[in-house]
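In what follows, a structure is listed as structure tokens, so that the remarks can point back to it.
Taken together, the values in this text are just the output of simple stated rules run on the coordinates, not laboratory data. Values in this document were obtained by computation on a predicted structure and should not be read as measured data. For neighbour counting, all protein chains shown are included, and Cβ atoms are generated from backbone atoms with ideal geometry for every residue, glycine included.
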Amino acid sequence: MLSRIGRLFRYDEWANRQALASAAPPRARALMAHVLGTEWLWLSRARRHSSPVPVWPQWSAAECAAQADAVPRAWDGYLETLTEDGLREPVSYVNSKGEAWSSTVEDVLLHVVLHSSYHRGQVAAEVRARGGEPAYTDFIHAVRQGFVE
């Protein structure tokens, strides 16, 4: 399972970079900042720390690019220490509505990738609505082209 999760995170990193490269409209960039900010939030929750950034950070394109470099390295460090048994461990947290929850590490990791994918779809819609060409970030495309092994 860990190797599959690692593969999904490599895809997530690639797809985030592709979407960010097309995210010229302000709303698209704001969505990508949210994707990256939320990845920091979930990583912090998994590590049982406070998040270093807000869920909706106000980042410039350059700041988003820097975070797109930093957050995957942080995830890699976390995933390298994770064991199969660790996937079943609970992560307790309070969501943005103030509600207390507990989820397994595995569910948190899958949520991160799926949440990012959802918002990358919104980025693509925003880019297209503004007359641009959105990034092609389908998982199967990434695999076919050798971007993700």
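Things worth noting here:
- Given (1) surrounded by 13 or more Cβ atoms within 10 Å (Cβ to Cβ); (2) without any contact (Cβ under 8 Å) to a residue 60 or more places away in the chain, number of the condition Val94 does not satisfy: (1)
- Within segment 113-127, the presence of a residue that is loosely packed, with under 14 Cβ neighbours inside 10 Å, out of contact with any Phe, Trp or Tyr (no Cβ under 6 Å at 6 or more places or on another chain) and among the acidic types (Asp, Glu) is excluded.
- Condition check for Ala23: buried (at least 16 other Cβ atoms within 10 Å of the Cβ) and among the hydrophobic types (A, V, I, L, M, F, W, C): yes
- Pick from segment 97-112, criterion surrounded by fewer than 17 Cβ atoms within 10 Å (Cβ to Cβ) and of a type in the set (A, V, I, L, M, F, W, C), ranking: nearest to Leu82 (Cα to Cα): Leu110
- Filter result for Pro57 (under 14 Å from Val112 (Cβ atoms) and surrounded by 15 or more Cβ atoms within 10 Å (Cβ to Cβ)): no
- Residue satisfying all of: in segment 130-149; small (Gly, Ala, Ser) and free of Cβ contacts under 8 Å to residues at least 60 places away in the same chain; farthest from Glu13 (Cα to Cα) among these: Gly131
- Residues of segment 104-128 classified as touching a residue at least 12 places away in the same chain (Cβ under 8 Å) and of a type outside the set (Val, Ile, Thr), total: 12
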